[in-house]
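What follows is one structure encoded as structure tokens, with my remarks underneath.
The values are calculated or read from the model by the stated rules, or taken from the named source; none is laboratory data. None of the values given here were measured: they were computed from a predicted structure. Here the Cβ positions follow ideal geometry from the backbone for every residue, glycine too, while neighbour counts run over all protein chains shown. These area figures cover heavy atoms from the full protein model, side chains too; ligands, DNA and RNA do not enter into them. Shrake-Rupley method; radii C 1.70, N 1.55, O 1.52, S 1.80 Å.
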Amino acid sequence: MSLLSATVLRVRPAGVTSDFCPVCRQERRFRLSIADQRRVVLLMDRGRIGHEHHELTCKSCGCKVERPAAERPLQHVPTGPAAETFEPECLPIVAHRIADCTRMEAARKANKLKPEAREEMIRHAVHCFARIYDEEPTARITPLASGALFLATIVLLGVAMFAFFRLDHPVVAAVFALTAVGLWVWLWYWIATHSPRKRVRTWLAMALAPLDPSESEIRQARRELQAIRVGAGFKIRPNKVRGKIDQIKRSGMVPG
């Protein structure tokens, strides 16, 4: 996060839709958003970087997955109340994916899942969360919020120094200094509890837990991302994902 130059992820509500949730392991309703990366210089938006995509947030479990924008063509971005209720038409590929995933999930529950289908389900789960792995934890902090935080920090520390050196009130100075520190503590607490990047390993592990992949199978899916130069292929840690899967299984919270 920088005031001079930063890449910010802009996410705009665009309606609702249906898709297959890799965590719930069934067709679910999702909140649909348009997401694109913006280059920000000196708090001014200098335009989009790359192509926009759609971010889907499951209304049941809260996980976020990425889908190509072309799957749900939008002639215009709805605003106001329409952004909460509008449902765009989907290309046939969406219905085919839901049907395929539902069929493979039924086969898994019946212990009839073929090895190649299991590999496809592992690959699908990893690809669903790949873009979120590419995010910086601060990517969703808006330039306005960043500027306000830095300005508030400067003002609070300035008042603290004035109270300490000019007014000789160390207690007052300490209060203002601690308030400035508290703002940053609150920011990082918010990031830790709200940033998808901080939660994506748990979502991926929950999606993979019913398939119980080995560390080598997760590593193979990661290599496929590396082959197409997707950043997540270098950020996913198979051992940590496998450890999170074991933790979920011990807790008895395996989905599906």
Test for Lys235: is it surrounded by 14 or more Cβ atoms within 10 Å (Cβ to Cβ), in contact (Cβ under 8 Å) with a residue 60 or more places away in the chain and farther than 16 Å from Pro22 by Cβ: yes
- prompt: Restricting the stretch 177-200 to residues that are of a type in the set (Ser, Thr, Tyr), under 30 Å from Arg131 (Cβ atoms) and open to solvent by less than 80 Å² (accessible area, probe 1.4 Å), which is nearest to the chain's Cα centre (by Cα)?
  reply: Ser195
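State yes or no: is Pro81 modelled with pLDDT of 95 or more, over 21 Å from the mean Cα position of the chain (by Cα) and over 28 Å from Ala205 (Cβ atoms)?
Values: modelled with pLDDT of 95 or more: no; over 21 Å from the mean Cα position of the chain (by Cα): yes; over 28 Å from Ala205 (Cβ atoms): yes.
Here the answer is no, as Pro81 does not meet what is asked.
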query: Ala148 is checked against (1) assigned to a helix (DSSP H, G or I); (2) more than 25 Å from Asp36 (Cβ to Cβ); (3) free of Cβ contacts under 8 Å to residues at least 12 places away in the same chain and fails just one. What number does that condition carry?
result: (2)
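Any idea which of Ile245, Ile218, Ile228 is under 20 Å from the mean Cα position of the chain (by Cα) and without any contact (Cβ under 8 Å) to a residue 60 or more places away in the chain?
Values: Ile218 fails: without any contact (Cβ under 8 Å) to a residue 60 or more places away in the chain; Ile228 fails: under 20 Å from the mean Cα position of the chain (by Cα).
Matching residue, one of Ile245, Ile218, Ile228: Ile245.
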message: I'd like to verify a number: residues in the stretch 121-176 that are open to solvent by 60 Å² or more (accessible area, probe 1.4 Å), more than 29 Å from Gly62 (Cα to Cα) and among the β-branched types (Val, Ile, Thr), how many?
response: 5
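Considering only the stretch 223-238, state which residues are in contact with a helix residue (DSSP H, G or I) (Cβ under 6 Å, 6 or more places away or on another chain) and under 16 Å from Ile122 (Cβ atoms). Quick ask: steps written out before the conclusion?
The first filter runs over the stretch 223-238 and keeps only residues in contact with a helix residue (DSSP H, G or I) (Cβ under 6 Å, 6 or more places away or on another chain), leaving 225-226, 230-233, 235-236, 238.
Those that are in contact with a helix residue (DSSP H, G or I) (Cβ under 6 Å, 6 or more places away or on another chain) and under 16 Å from Ile122 (Cβ atoms): Leu225, Gln226, Val230, Ala232, Gly233, Ile236, Pro238.
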